[in-house]
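Encoded as structure tokens, the structure appears first; notes follow it.
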Amino acid sequence: MSMKKKILLIDDDKDFLMATKLILERGGYEIFLAEDGKTGIEMVKTVKPDLAIVDMMMETWGEGFNVVTKVRSTEGGKDLPLIILSAVDLQGPFQSYEPSDEFPTVNMVLHKPIKADDLLRYVSQLAG
């Protein structure tokens, strides 16, 4: 019996967190929730998730990017698969987000609302 893969959701939208948690639990994952970036970054260290899903639009615009940058610089966060969620079209602003070599980019950008099947498919691609 293999250990369940651990997924960390970082989003300040409680409804979204709960709905997504249910979808992913049905997919057989163990879910950890963080309602703000600071908590999320701490949980990367304590939980050591197999994948983190970060909402870009938390307290401030671009909060998600700050979280990604900080996660990438923490022990264990450097190679953590990351999905960024966005409720807006990322063409403009996202293009100006240039990750450096030290902070590799996110693995995937998904748009809210996302269908359950799609979410599970992408999560299994990244978390295994």
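Scanning the range 88-108 for residues that are out of contact with any Leu (no Cβ under 6 Å at 6 or more places or on another chain) and modelled with pLDDT of 75 or more turns up just one, Met108. Just one of (1) of a type outside the set (S, T, N, Q); (2) closer than 19 Å to His111 by Cα; (3) surrounded by 16 or more Cβ atoms within 10 Å (Cβ to Cβ) fails for Phe32. It is (2).
If the condition is being β-branched (Val, Ile, Thr) and surrounded by fewer than 19 Cβ atoms within 10 Å (Cβ to Cβ), then the range 1-29 contributes only Ile23.
The values are calculated or read from the model by the stated rules, or taken from the named source; none is laboratory data. The model shown is predicted, which means the values in this text are computed figures rather than measured ones. Every residue, glycine among them, receives a Cβ derived from its backbone with ideal geometry; neighbour counts consider all protein chains shown.
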